[in-house]
């Protein structure tokens, strides 16, 4: 940017209307003395009255190709139904078609790790829960299940594309980009933590305890927690934080000048906390508002995928949960709450 004219007129800061960095002209979210603003390369562009966001016109063919591959893989492997595959394509494209690849990278990492966790000791889990075979033709997850685990992050990815396309670097030193990133991490850490708690926690050698009653319950019971499962939740959140840290270190080289309490420590710490707290919140909501049916005939907990008649003989209700919410609804509520929490954490 050219130097201002040498006159007595005070320099004027140009604020791109779509940047989301604040209409007051102030750089939001940078604590005084934390970083020398003169060392950060910031370029503002006078866009006049024309289009301000070139990325809105970009169709991102690479993103469409990757989203197509992932959705077809899910459909062919049996993990997605047809409606689930369509929803997965929309979600995948919405995350990947972005000037910041962080959203797509984190989504893919979540998908790959979650799929891997589902296959761990699947034969043992099949003896504890009643539901369709993960490899069953026609798929398991429909569009509702897909969106329940992705709608908050999809919304945040679109928000970034619309408002932060010209955000200066390092991103974590600016208010709106930082809020969006931490909110996205809150969502993915919660989803990853819940996935690992469900898929690995159920394999705990110790039976879980119901979070509301304190009583021992069968593995797979809504509201059941164990040290093994909570540890897996924290690990899942930590992994998501690490994925974001690695991605930002590649995409945003200026992050290396960000103090650890705003960069690496913040991402890893918030990811771990969101995974752990999100799992606890999921257990509380699920334990109170999800019904758990247990078969005394074959000692299995019926999942949302179970095709058995809930009125068949031998089925009993475990725990105080009401039959008000499905597992998908609990996931959406929990991840949305933790995304809002991440938005506020990013504003500190």
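The values are calculated or read from the model by the stated rules, or taken from the named source; none is laboratory data. Note that this is a predicted model, so its numbers are computed, not measured. We place every Cβ from the backbone using ideal geometry, glycine too, and count neighbours over all the protein chains shown.
Condition first: touching a helix residue (DSSP H, G or I) at 6+ places or on another chain (Cβ under 9 Å), modelled with pLDDT of 95 or more and over 10 Å from residue 283 (Cα atoms). Now tell me which residues in segment 201-218 satisfy that. Within segment 201-218, 208, 213 qualify. Is there a residue being farther than 17 Å from residue 192 by Cβ, buried (at least 19 other Cβ atoms within 10 Å of the Cβ) and within 17 Å of the chain's Cα centre (by Cα) anywhere in segment 121-139? Checked against the condition, which is being farther than 17 Å from residue 192 by Cβ, buried (at least 19 other Cβ atoms within 10 Å of the Cβ) and within 17 Å of the chain's Cα centre (by Cα), segment 121-139 yields no hits at all. Within segment 260-316, being buried (at least 21 other Cβ atoms within 10 Å of the Cβ), closer than 18 Å to residue 202 by Cβ and either within 18 Å of the chain's Cα centre (by Cα) or modelled with pLDDT under 90 (or both) holds for 275, 276, 278, 279, 282, 283. Counting the residues of segment 319-331 that are out of contact with any strand residue (DSSP E or B) (no Cβ under 6 Å at 6 or more places or on another chain) and crowded, with 21+ Cβ neighbours inside 10 Å gives 3. Please specify each residue of segment 108-162 satisfying the condition of being modelled with pLDDT of 85 or more and part of a loop (DSSP other than H, G, I, E, B). 120, 121, 127, 128, 142, 149, 150 - these are the residues of segment 108-162 that are modelled with pLDDT of 85 or more and part of a loop (DSSP other than H, G, I, E, B). Test residue 236 against the stated conditions and say whether it is on the phi > 0 side of the Ramachandran plot and either out of contact with any strand residue (DSSP E or B) (no Cβ under 7 Å at 6 or more places or on another chain) or crowded, with 22+ Cβ neighbours inside 10 Å (or both). Answer is no for this residue.
Listed by first and then second residue, the pairs linking a residue in segment 300-326 that is closer than 22 Å to residue 210 by Cβ to a residue that is surrounded by fewer than 11 Cβ atoms within 10 Å (Cβ to Cβ), with Cβ atoms under 7 Å apart and 6 or more places separating them unless they lie on different chains, are 314/296; 314/297; 316/296. A single entry from 230, 238 fulfils the requirement of being modelled with pLDDT of 95 or more and either part of a loop (DSSP other than H, G, I, E, B) or farther than 16 Å from residue 345 by Cβ (or both): 230.
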